[in-house]
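K.L.:
I have a structure here, written as C-alpha cells, and I will follow up with some questions on it.
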Amino acid sequence: MEFFGFTLGMIGKVMVAYTAIRVHYRFRKEHRIDERVFVTMRREQTIGIAGIVLIVIGYTLEASIRFWI
C-alpha cells in the first residue's frame, strides 16, 4: 500500500511538472495567444489538476499508512 501511495504521488508530480513545461514551451513557440494556445492550455490545465489530485491521494495514503504503523 505504501508503494501505491508513493507511485501516485510521483505520477502526480510528473504530471504537474509536464503541464508547466508544456505551457511555457507553447507560449515561447507561438509568441502569441490565440484559440489554439487556449485549447492547449485548457487541456494541460486539466492534466495539472489531475496531477494535483494524485499528489493529494498519494500523500493521504502515505500519511495514513505511517499513522497506523
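K.L.:
Scanning the range 1-26 for residues that are without any contact (Cβ under 8 Å) to a residue 24 or more places away in the chain and in contact with a helix residue (DSSP H, G or I) (Cβ under 7 Å, 6 or more places away or on another chain), which turns out farthest from residue 68 (Cα to Cα)?
P.N.:
That would be 26.
K.L.:
Can you find a residue that is open to solvent by 50 Å² or more (accessible area, probe 1.4 Å), of a type in the set (A, V, I, L, M) and part of a helix (DSSP H, G or I) anywhere in the range 20-33? Steps first, please.
P.N.:
We begin by selecting, within the range 20-33, every residue open to solvent by 50 Å² or more (accessible area, probe 1.4 Å); these are 21-22, 24-25, 27-29, 31-33.
Next cut, of a type in the set (A, V, I, L, M) only: 21, 33.
Right, trim to part of a helix (DSSP H, G or I) and you get 21.
Yes, the conditions are met somewhere in the range 20-33.
K.L.:
I would also like to ask the following. If you go through the range 13-63 one residue at a time, how many are closer than 21 Å to residue 2 by Cα and among the aliphatic types (A, V, I, L, M)?
P.N.:
Total meeting the criteria: 11.
K.L.:
Quick check on residue 52: is it part of a helix (DSSP H, G or I) and surrounded by 13 or more Cβ atoms within 10 Å (Cβ to Cβ)? Full working, then the answer.
P.N.:
On the way: part of a helix (DSSP H, G or I): yes; surrounded by 13 or more Cβ atoms within 10 Å (Cβ to Cβ): yes.
Spelling it out, residue 52 is indeed part of a helix (DSSP H, G or I) and surrounded by 13 or more Cβ atoms within 10 Å (Cβ to Cβ).
K.L.:
Return the residue satisfying two criteria in turn: it lies in the range 7-19 and is of a type outside the set (Ser, Thr, Tyr) and open to solvent by less than 90 Å² (accessible area, probe 1.4 Å), and of such residues it is farthest from residue 55 (Cα to Cα).
P.N.:
Applying the filter and picking the extreme gives 17.
K.L.:
A follow-up question, please. Kindly check whether there is at least one residue in the range 55-66 that is surrounded by 15 or more Cβ atoms within 10 Å (Cβ to Cβ) and free of Cβ contacts under 8 Å to residues at least 40 places away in the same chain.
P.N.:
no
K.L.:
Hey, another quick one. Suppose the filter is charged (D, E, K, R) and closer than 27 Å to residue 3 by Cβ; does residue 66 pass it? Working first, answer last.
P.N.:
Details: charged (D, E, K, R): yes; closer than 27 Å to residue 3 by Cβ: yes.
Yes.
K.L.:
Output the residue which, of all residues in the range 27-69 that are closer than 25 Å to residue 10 by Cβ and touching an Asp or Glu at 6+ places or on another chain (Cβ under 8 Å), is modelled with the lowest pLDDT.
P.N.:
That would be 65.
The values are calculated or read from the model by the stated rules, or taken from the named source; none is laboratory data. All values reported here derive from a predicted model rather than from experimental measurement. Neighbour counts are summed over all protein chains in view; Cβ atoms, including those assigned to glycine, are modelled from backbone coordinates with ideal geometry. Please note that ligands, DNA and RNA were not included when accessible areas were found on the heavy atoms of the full protein model with its side chains. Shrake-Rupley method; radii C 1.70, N 1.55, O 1.52, S 1.80 Å.
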